[in-house]
Amino acid sequence: MGRMHIILDDITKIKADAIVNAANNTLLGGGGVDGAIHRAAGSELLEECRKLNGCETGRAKITKGYNLPAKYVIHTVGPVWHGGNDNEDQLLAACYRNSLELAIENGIKTIAFPSISTGVYRFPVRRAAKIALGEIFRFLNGNSSIDKVVMVCFDEKTMEAYVEALDEIEEKR
Ligand code: AR6
C-alpha cells in the first residue's frame, strides 16, 4: 500500500496539503463534490476561481483552501462519459497526472482525490478506478516528493471499485 490510501469519507473534512475538486470548465461551482467544496470553503473560493478564466478538460488549476482543513484546492475537469470513444480514458488519466504535477510545483506532499467524473459525468466507476490508480502509481514511481495520496470515496460502491482496482494492481506486481 505504501503512499496510496483508499478511504470512505467526505473530502471536505480531509486535512491534507491539497484536496482535488472534480469541477467543470467554468470553475464557478456546481453540484456534487464541487458544490460541497465551495460550500465548505466559503465564498472567497468562488472569488478566486472567477479570476482563473475556467479550465480545459483534463487540465488543473490551484487555489487556496480558505475555510477548508486543506491548505489548497486543485481544481480539475474530468471528461463527460460519451460511451468511451471520445478520448475519455486519456482525459481522465490527464486529470490525475496534471493535478499531481501541479501539487509538486506547489510543494504539496499530501493530496486527496475524489472519484473524478464518476458522478454527474457518468464515467463507469470500475473503469475510472483502474485508470485513476494506474496513473497515480505511475506518477508515484517517478516522484518521491509526494508522501501520501488518498482516494476519498463517498459511497460503498465507489469504495469497492477502487479497492478492487488496487487488488488487481497489487496482484500484477
Ligand atoms: N466528498 C467526496 N466525494 C464526493 C463528495 C464529497 N463531499 N460529494 C460527492 N462525491 P461528481 P463529476 C463523489 O458528480 O462526475 C459538478 O456539478 C460522488 O459521489 O461530484 O466529475 C461539477 O460542477 C462521485 O463518486 O463529479 C461538474 O459540473 C464523485 O464524487 C460535474 O459535477 C464525483 O461526482 C462533475 O461531475
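The numbers here are math on the coordinates, done by the rules we state, and not lab data. Keep in mind it's a predicted model, so treat the numbers as computed, not measured. Glycine gets a Cβ as well: all are built from the backbone with ideal geometry, and neighbour counts include every protein chain shown.
Among residues that are touching a strand residue (DSSP E or B) at 6+ places or on another chain (Cβ under 7 Å) and either within 13 Å of the ligand (Cβ to nearest atom) or closer than 25 Å to residue 71 by Cα (or both), residue 149 is included. Set side by side, the residues 134, 107, 119, 83 differ, and just one is within 14 Å of the ligand (Cβ to nearest atom) and either of a type outside the set (A, V, I, L, M, F, W, C) or in contact (Cβ under 8 Å) with a residue 24 or more places away in the chain (or both), which is 119. Filter the stretch 95-136 for residues that are among the hydroxyl-bearing types (Ser, Thr, Tyr) and surrounded by fewer than 24 Cβ atoms within 10 Å (Cβ to Cβ); which is farthest from residue 8 (Cα to Cα)? Result: 121. Within the stretch 137-162, the residues that satisfy the criterion of being touching a residue at least 60 places away in the same chain (Cβ under 8 Å), closer than 23 Å to residue 32 by Cα, surrounded by 15 or more Cβ atoms within 10 Å (Cβ to Cβ) and not hydroxyl-bearing (Ser, Thr, Tyr) are 149, 150, 151, 152, 153, 154, 159. Scanning the stretch 87-100 for residues that are away from the ligand (no atom under 15 Å from the Cβ) and either without any contact (Cβ under 8 Å) to a residue 40 or more places away in the chain or touching a Cys at 6+ places or on another chain (Cβ under 8 Å) (or both) turns up 87, 90.
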